[in-house]
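Right, one structure below, let's go through it.
The values are calculated or read from the model by the stated rules, or taken from the named source; none is laboratory data. It should be emphasised that the depicted structure is a prediction, and the values quoted were computed from it without experimental measurement. FYI the Cβ positions are ideal-geometry reconstructions off the backbone, even for glycines, and counts take in every protein chain you see.
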Amino acid sequence: MARPRTVVQVERLRDQVYRLIREDLKAGALKPGQRIVEGELADRYGVSRTPVREALFQLSREGLVVSATDRGYVVAVDSPMATVHRHEVRELVDPQVARHAAIGGAPEQKKAFAKAHERQRAAHAAGQIAAFIDANNAFRERLRAMCDNALLVQCSAMVDDQAQWDRKTAFAHADYRQIELDHSERLVAAILQGDAAGAEAAMHAYIKAVRLNQVSEAPANAPSEE
């Protein structure tokens, strides 16, 4: 027997609110440590509290918001240990995402991936930090779009979402953006060539470099541009 139409509509609305909250988290409209008020979000998105509550529950399972003492939620606050844990997961997941991308990426997907990298390069050259962050997010999304293992993609995206504030802090520094570009260049080259082993190795090298240069802060002695 088919589900009632109203149930499908509720599920669709919950998913829409979930995406809207995630976008606000990425954009910085909701900041680490900020208390989340369901009623305010419901007014913001023009919905009832029910889909907001359901979306927040899902986000809490992903570590983007955490339960507060008053049974509400606050935006998760990053920590050095959380950064270490993310690197451990990325070491397991992202090299395999890169391998799948090199093997399974369609020509048009690889072209979009390379274009996102060029956007990163142009933004860095112009000193446009916000544009660099946007291009970097697109670069990562294009990479995952070429991976046909949905579970790998889900895990990689979840870790990326948790690293948003950490990454924004690091990308305020030119030295760290250059590290990102150098390793992205190698990854792009391997994927465009369909070199699965090379793509996997490039991602391993990138994660190692990030571990050496960042633990919730930018590289030592890197000049701030803000």
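Every residue, every condition in (1) outside any strand (DSSP E or B); (2) more than 22 Å from GLN16 (Cβ to Cβ); (3) without any contact (Cβ under 8 Å) to a residue 40 or more places away in the chain, yes or no:
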{"residue": "VAL47", "(1), (2), (3)": "yes, no, yes"}
{"residue": "PRO51", "(1), (2), (3)": "yes, no, no"}
{"residue": "SER60", "(1), (2), (3)": "yes, no, yes"}
{"residue": "THR69", "(1), (2), (3)": "yes, yes, yes"}
{"residue": "VAL77", "(1), (2), (3)": "yes, yes, no"}
{"residue": "MET81", "(1), (2), (3)": "yes, yes, yes"}
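Taking the conditions (1) buried (at least 18 other Cβ atoms within 10 Å of the Cβ); (2) at pLDDT below 90; (3) in contact with a Leu (Cβ under 8 Å, 6 or more places away or on another chain) in turn, LEU13 satisfies each one other than (3).
Residues of the range 140-162 that are surrounded by 18 or more Cβ atoms within 10 Å (Cβ to Cβ) and small (Gly, Ala, Ser): SER156 alone.
When the range 142-198 is filtered for residues that are small (Gly, Ala, Ser) and assigned to a helix (DSSP H, G or I), the ones remaining, listed by number, are ALA145, ALA150, SER156, ALA157, ALA170, ALA174, SER184, ALA189, ALA190, ALA196, ALA197, GLY198.
Would you pick out the residues in the range 24-45 that are in a helix (DSSP H, G or I) and over 20 Å from ILE133 (Cβ atoms)? Within the range 24-45, GLU38, GLY39, GLU40, LEU41, ALA42, ASP43, ARG44, TYR45 meet the criteria.
Would you point out the residue of the range 25-69, among those that are among the acidic types (Asp, Glu) and crowded, with 16+ Cβ neighbours inside 10 Å, that is farthest from the chain's Cα centre (by Cα)? That would be GLU38.
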